[in-house]
Amino acid sequence: FLPDSGHPSTLSDDYLVSLHQDPAGNLWVGTRPGMHERTGGGGGFRRFESETPSGRALATDLIQVIVGDSLRPESLWVGTERSGLHCVDLASREVRQFLVEDGLPSNVIDGILQGPDGRLWLSTSRGLSRFDPKRETFRNYNSSNGLESHSFIRSACFKSRDGEMFFGGLTSLTSFSPGQVLDNPHRPPVVLTSFKVFDQELDLERPLSSIDSIELAYDQNFISVEFAALDYTAPRNNRYAHRLEGIDRDWIRAGARWYASYAHLGPGRYTFRVKAANSDGVWNEEGRSLAITVASPYWQTWWFRGLVFTLLGLVLFAAHRSRTRAVRFRNRLLETQIAERERAAAEQNRLIEELEVKNAEMERFTYTVSHDLKSPLVTIKGFLGFLEKDAAAGDAERLKRDVDKIAGAADRMHRLLDELLELSRIGRIINTPTEVPFSELAHEAIEAVTGQIDASGVEIDVAPDQPVVVGDRVRLVEVLQNLIDNGVKFMAGQASPRIEIGTLGRGGETVFYVRDNGQGIQAAYQSKIFELFERLDAKIEGTGVGLALVKRIIEVHDGRVWVESAGPGHGATFYFTLPLAEIAAVNGV
């Protein structure tokens, strides 16, 4: 069975990723551009659409794996590359989608196996996950649970006859029996491990674990308490909640943080309570408590007040001011130290989370540098040709225009180099957003590639009455310049080459477009064309970076970009969204 673009009842592509036969004998075929069904009676293939008016559809065409449900034959489970897990009801064709916000560790599903209890085991790009279809809950496993690798290979999964499961990762093979993977029911005991006053360990007569109450002087009003949950299954995943009765109105969910600090405690009685949960979220609600009493300062007693006001009022007032000032200074100093420690911890967590993104960003940056420098070089090269012709013709006015254009391109190259140097330091840069009519951006981009347009004989039409957008003018010109240059290159010998630039209303928003009547784009490539190094035709000059750069600039402006084409010979239309001046003004930009 081969794909045939002229017959809709054939497969859409010959790159197959998964096959499954349901209890009714129907064959389900997963391809990179979508999922197809072939009924048990034979005949052709029917596309299970990713978008339908009723909403009964998959959220993506990027299929990874298709499996049936041994306990619910009417259900079909579909794992996708970027849109999570889908459950298809074979009777009603209703689709239910599960994503990261529902509990999945990642929206990339690489493999699916079902245990004897009906629960699904999913391999993802961020570890394993166990899904309970009845409760619609996820239990995720990572390196803290014994996994060697968080990343797995698509379809590299197998269940043996005795029920043992195998998942192939990038660097290792993981195997286990589902019945032996048990949740941790242990309610972890909670102990206090440290009690500090002004960041100094309090000298106690007995171990802290055997003490139920502590009395402090009035000036010992900055305390820190450290605690621990005695569960070592996955101690990094233990979670805590604490509360100081008399100060906190409700429990403070501290996550994995194992300490609590309180400043400026006034005289009185307090009770510190802490509870903990193990790595599977089982809480010890009883936890541990500690009664804390802060004594009143001696000058608040009746006898001392009487003595002070009678004999030493002025002296006591001066001493009180000096002491209060010293206590406040120490409190501010300790508060600053605690705040710096918390900021350092938060920064460390942020850096760990962004490490993977930064590594990928470094590779993209290398190729973006080379492509950003291409535009001014193309302009310089084009006007050098005009310069030679105008010099031969002795046209002084056109010579000056050519020189001005070359100088302007050189200035833009200098500006791009400065921006790219800044980009190498911060990973992303955008100039101060300004309001600019979209038609000005279009004409500026056309002017920059006049040489290619004249050489190819392409007619460009910019629709009138374009809206005003808000953004980085230089970057937005680059977007249009790349899209126009892309349309000129892929005209494929069109007798009357034409490019249209304009806007339209779609789905209640304003959408910009660049449309050409060139060679068009096959459906299989429309979802890949914005990736780095993706080139439709290796014979046409290009690096495969231009459209990736377009996507990046549009997304920096909080927009979206996509392409639509009826297929080879029918041209292509690139759509994108940008913030409009009126909308930006309402949002305070």
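The values are calculated or read from the model by the stated rules, or taken from the named source; none is laboratory data. Please read all numbers here as calculations on a predicted model, not as lab measurements. Virtual Cβ from ideal backbone geometry, glycine too; neighbours counted across all protein chains shown. Surface areas here come from the heavy atoms of the whole protein model, side chains and all, with no ligands, DNA or RNA. Shrake-Rupley method; radii C 1.70, N 1.55, O 1.52, S 1.80 Å.
Which FRET efficiency value, to the nearest 0.05, do you get for SER9 and ARG93 by plugging their Cβ-Cβ distance into 1/(1 + (r/R0)^6) with R0 = 30 Å? Walk me through the numbers before you get to the answer.
On the way: r = 18 Å, r/R0 = 0.60.
In this case the efficiency is close to 0.95.
Provide the three semi-axes, in whole Å and in decreasing order, of the ellipsoid equivalent to segment 98-249 as defined by the square roots of 5 times the Cα gyration tensor eigenvalues. Could you put the intermediate results ahead of the total?
Numbers: eigenvalues 402, 49, 44 Å².
Equivalent ellipsoid semi-axes, largest first: 45, 16, 15 Å.
In percent, what relative contact order does the chain have, based on Cα pairs under 8 Å that are 6 or more apart in sequence? Write out the running numbers ahead of the final one.
Values: 1081 pairs, mean separation 34.8, N = 589.
The value is 6 percent.
Please work out the C-alpha center-to-center distance from segment 251-280 to segment 4-32 and express it in whole Å.
57
Once you place label points 7 Å from the Cα toward the Cβ at LEU377 and LEU202, how far apart are they in nm?
7.0
What ranking of PHE167, PHE329, PHE309 comes out by heavy-atom accessible area, probe 1.4 Å, highest first? Mind dumping the intermediate values first?
Working: PHE167 0, PHE329 125, PHE309 170 Å².
Final ranking, largest accessible area leading: PHE309, PHE329, PHE167.
In 10 Å bins starting at zero, report the fraction of Cα pairs in segment 290-343 per bin as a rounded %.
Computed distribution, short to long bins: 20, 31, 29, 15, 5.
At 7 Å along Cα-to-Cβ for each site, give me the label-to-label distance between ARG46 and LYS528 in nm.
2.9
So for the chain, Kirkwood radius off the Cα pairs, Stokes-Einstein at 37 °C and 0.692 mPa s: how many µm² s⁻¹?
Details: Rh = 30.4 Å.
Translational diffusion coefficient: 108 µm²/s.
Mind listing which trypsin sites (Lys or Arg not before Pro) in segment 220-277 are in a DSSP loop and have 12 or fewer other Cβ atoms within 10 Å?
Values: sites: ARG236, ARG239, ARG243, ARG249, ARG253, ARG257, ARG269, ARG273, LYS275; in loops: ARG249, ARG257.
Here the trypsin sites (Lys or Arg not before Pro) that fit, given the DSSP loop and packing criteria, are ARG249.
LEU216's amide H: which non-local residues (gap 5+, or another chain) put their own amide H closer than 5 Å, with H modeled 1.01 Å from N in plane and none for Pro or chain starts?
THR293, VAL294, ALA295
Applying 1/(1 + (r/R0)^6) with R0 = 30 Å to the Cβ-Cβ distance of ASN349 and ARG249, what FRET efficiency is obtained, to the nearest 0.05? Walk me through the numbers on the way to the answer.
Details: r = 27 Å, r/R0 = 0.90.
So the FRET efficiency works out to roughly 0.65.
Quick check: pseudo-label points 7 Å beyond the Cα along Cα→Cβ at THR432 and GLU388, how many nm apart are they?
Between THR432 and GLU388, the label points sit 4.3 nm apart.
Going through the cross-link list LYS381/LYS405; LYS134/LYS275; LYS159/LYS528; LYS489/LYS528; LYS405/LYS551, which pairs have a Cα-Cα distance over 21 Å in this structure?
Details: LYS381/LYS405 11 Å; LYS134/LYS275 30 Å; LYS159/LYS528 33 Å; LYS489/LYS528 18 Å; LYS405/LYS551 28 Å.
From the list (LYS381/LYS405; LYS134/LYS275; LYS159/LYS528; LYS489/LYS528; LYS405/LYS551), the Cα-Cα distance tops 21 Å for LYS134/LYS275; LYS159/LYS528; LYS405/LYS551.
Please report, as a whole percent, how much of the solvent-accessible surface of segment 1-154 comes from carbon and sulfur atoms (probe radius 1.4 Å). Write down the numbers at each step before the final one.
Working: 3460 of 7300 Å².
Using a 1.4 Å probe with all protein chains present, segment 1-154 comes out at 47 percent carbon and sulfur.
R0 = 51 Å: FRET efficiency of THR336 with ASP465, Cβ-based, nearest 0.05?
Here the calculated transfer efficiency is 0.35.
Could you state the accessible area per residue of segment 230-355 in Å², with a 1.4 Å probe and every protein chain left in place? Mind showing how you got there, number by number?
Working: 8440 Å² over 126 residues.
The answer is 67 Å² per residue.
Scaled to the compact-protein estimate 2.2 N^0.38 Å, what is the alpha-carbon radius of gyration of segment 196-324, rounded to two decimal places?
Values: Rg = 19.0 Å, N = 129, 2.2 N^0.38 = 13.9 Å.
Dividing the Cα Rg of segment 196-324 by 2.2 N^0.38 Å gives 1.36.
Over segment 97-225, what is the relative contact order in whole percent, taking alpha-carbon pairs under 8 Å and six or more residues apart? Could you put the intermediate results ahead of the total?
Working: 204 pairs, mean separation 19.1, N = 129.
Computed value for segment 97-225: 15 percent relative contact order.
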